[in-house]
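S.K.: Have a look at the structure that comes next, please.
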Amino acid sequence: MHSHDHAPITVPDGTPGYYEVMETAIRELLAEKGLIHPSEIRRQLEVLDSRTPQLGAKVVARAWVDPEFRARLLLNGRSACEELGITFYDDTQLIVLENTRDVHNLIVCTLCSCYPRPVLGLPPDWYKQKPYRARAVKEPRNVLAEFGTAIPEDVEIRVSDSTAMVRYLVLPQRPSGTETWSEEELASLVTRDAMIGVAIIDPQERKVQ
Amino acid sequence: MIEAVMEPPAVNNEEEGFGRNVGQKRHYYRVAIPLTDLWPGYGGSAADGLRIEVYESWLERI
């Protein structure tokens with residue numbers, strides 16, 4: 001028994017758009033000039049598609065159980081992730097933003113869809129769409145409330161706009177009552193949205209495995 | 001308020017995009033701005049803020 005519907009897969013018809021034509025032209029030119037082999041492009045897509053929020057969850061859980069790792073992660077997110085075998089395939093740095101009792105972090109890319117893809121995979125659609133991008137920097141508390149996340153007034157909200165060189169990852173607060181949990185159990189609590197900062201982690205809502 | 005200087009220095013995309021200034025590198029700065037300064041009538045806490053990377057050419061010493 002499966003629950004997805006059987007709507008036919010639709011392929012946009014008609015003339016390809018401007019950017020689609022440009023992408024194809026540049027890709028074919030690069031291949032023709034011998035600068036990039038088509039298999040490298042295929043491989044890169046394969047790498048991009050292999051990344052999921054489970055990698056970020058592993059990083060967060062390690063930071064919760066290992067204070068020295070946590071310190072290295074906050075100092076240099078990229079090299080600490082690399083310690084766990086998570087490779088970075090581009091030139092971006094990673095800044096890890098720690099949520100505390102006093103500060104709640106939220107990430108956005110107002111220009112486009114910059115996202116910590118090496119550790120979270122592809123961004124959710126809402127992250128790429130204009131309402132979130134415009135409103136996260138202007139009325140973050142309302143945006144959070146719409147995600148069901150209430151942040152007390154005495155907690156500072158820090159919105160990080162990742163439009164240039166740096167990608168951000170939120171290190172959520174470890175929920176109370178999880179002191180005896182194993183690293184793997186902790187990782188199972190950490191959700192994508194908590195690492196973007198639109199949610200906080202509630203042990204009662206443990207992820208469905 | 002400047003919170004951090006991002007290392008390493010990066011190419012100037014605005015010049016580089018037009019084939020000028022090839023290879024010249026400068027820094028991005030992580031700048032902290034209170035949301036109440038950005039948006040008149042901001043409804044949240046006065047402590048809420050934005051962090052954004054701004055390229056050196058857009059900043060001036062005060």
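S.K.: Yes or no: A:V166 aliphatic (A, V, I, L, M), out of contact with any helix residue (DSSP H, G or I) (no Cβ under 6 Å at 6 or more places or on another chain) and surrounded by 14 or more Cβ atoms within 10 Å (Cβ to Cβ)?
M.R.: It is true that A:V166 is aliphatic (A, V, I, L, M), out of contact with any helix residue (DSSP H, G or I) (no Cβ under 6 Å at 6 or more places or on another chain) and surrounded by 14 or more Cβ atoms within 10 Å (Cβ to Cβ).
Residues checked against (1) farther than 14 Å from A:T163 by Cα; (2) part of a strand (DSSP E or B); (3) over 10 Å from the mean Cα position of the chain (by Cα):
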position: B:A10; (1), (2), (3): no, yes, yes
position: B:G19; (1), (2), (3): yes, no, yes
position: B:R26; (1), (2), (3): yes, yes, yes
position: B:A46; (1), (2), (3): yes, no, yes
position: B:E53; (1), (2), (3): no, yes, no
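S.K.: For A:L111, indicate whether it is within 14 Å of chain B (Cβ to nearest Cβ) and on the phi < 0 side of the Ramachandran plot.
M.R.: Yes, satisfied.
S.K.: How many of the residues in the stretch B:9-62 are more than 9 Å from chain A (Cβ to nearest Cβ) and either over 30 Å from A:E139 (Cα atoms) or of a type outside the set (A, V, I, L, M, F, W, C) (or both)?
M.R.: Residues meeting the conditions: 27.
S.K.: With the checklist (1) touching a residue at least 12 places away in the same chain (Cβ under 8 Å); (2) under 18 Å from the mean Cα position of the chain (by Cα) in hand, flag the one item A:K130 doesn't pass.
M.R.: The failed condition is (1).
S.K.: I need the full set of residues from the stretch B:13-62 which are surrounded by 14 or more Cβ atoms within 10 Å (Cβ to Cβ), closer than 15 Å to B:I2 by Cβ and acidic (D, E), in order please.
M.R.: B:E53, B:E56
S.K.: Which residue, of A:V159, A:V119, is within 17 Å of the chain's Cα centre (by Cα) and in a helix (DSSP H, G or I)?
M.R.: Sole residue among the options that is within 17 Å of the chain's Cα centre (by Cα) and in a helix (DSSP H, G or I): A:V119.
S.K.: Something else now. State the number of residues belonging to the stretch A:120-148 that are within 14 Å of chain B (Cβ to nearest Cβ) and either modelled with pLDDT under 95 or in contact with a Lys or Arg (Cβ under 6 Å, 6 or more places away or on another chain) (or both).
M.R.: Residues in the stretch A:120-148 being within 14 Å of chain B (Cβ to nearest Cβ) and either modelled with pLDDT under 95 or in contact with a Lys or Arg (Cβ under 6 Å, 6 or more places away or on another chain) (or both): 1 in total.
S.K.: May I pose another question? Just wondering, is there one or more residues in the stretch A:142-149 that are surrounded by 17 or more Cβ atoms within 10 Å (Cβ to Cβ), within 29 Å of B:V11 (Cβ to Cβ) and touching a residue at least 24 places away in the same chain (Cβ under 8 Å)?
M.R.: Among the residues of the stretch A:142-149, not one is surrounded by 17 or more Cβ atoms within 10 Å (Cβ to Cβ), within 29 Å of B:V11 (Cβ to Cβ) and touching a residue at least 24 places away in the same chain (Cβ under 8 Å), which makes the answer no.
S.K.: Of everything in the stretch B:1-54, what is in contact (Cβ under 8 Å) with a residue 12 or more places away in the chain, in contact with a helix residue (DSSP H, G or I) (Cβ under 8 Å, 6 or more places away or on another chain) and either within 17 Å of A:T110 (Cα to Cα) or aromatic (F, W, Y) (or both)? Give them in sequence order.
M.R.: B:Y28, B:Y29, B:L35, B:G49, B:L50
S.K.: Another one. Quick one: how many residues across the stretch B:1-44 are among the polar types (S, T, N, Q) and farther than 18 Å from B:E56 by Cα?
M.R.: Number of matching residues: 1.
S.K.: Anything in the stretch A:162-193 that is in a loop (DSSP other than H, G, I, E, B), small (G, A, S) and farther than 28 Å from B:V31 by Cα? List them, or say none.
M.R.: Correct list: A:S176, A:G177, A:S182, A:S188.
S.K.: Looking at the stretch A:7-58 only, could you name the residues that are part of a helix (DSSP H, G or I), surrounded by 11 or more Cβ atoms within 10 Å (Cβ to Cβ) and in contact (Cβ under 8 Å) with a residue 40 or more places away in the chain?
M.R.: Of everything in the stretch A:7-58, those that are part of a helix (DSSP H, G or I), surrounded by 11 or more Cβ atoms within 10 Å (Cβ to Cβ) and in contact (Cβ under 8 Å) with a residue 40 or more places away in the chain turn out to be A:Q44, A:V47, A:L48, A:P53, A:Q54, A:L55, A:G56, A:A57, A:K58.
S.K.: OK, next. If you take the residues in the stretch A:169-208 that are over 12 Å from the mean Cα position of the chain (by Cα) and small (G, A, S), which one is surrounded by the fewest Cβ atoms within 10 Å (Cβ to Cβ)?
M.R.: Per the stated criteria, the residue is A:S176.
The values are calculated or read from the model by the stated rules, or taken from the named source; none is laboratory data. Predicted model only: the values in this text are computed from it and were never measured. As a convention, Cβ positions derive from the backbone with ideal geometry for all residues, glycine included, and neighbour counts pool all protein chains shown.
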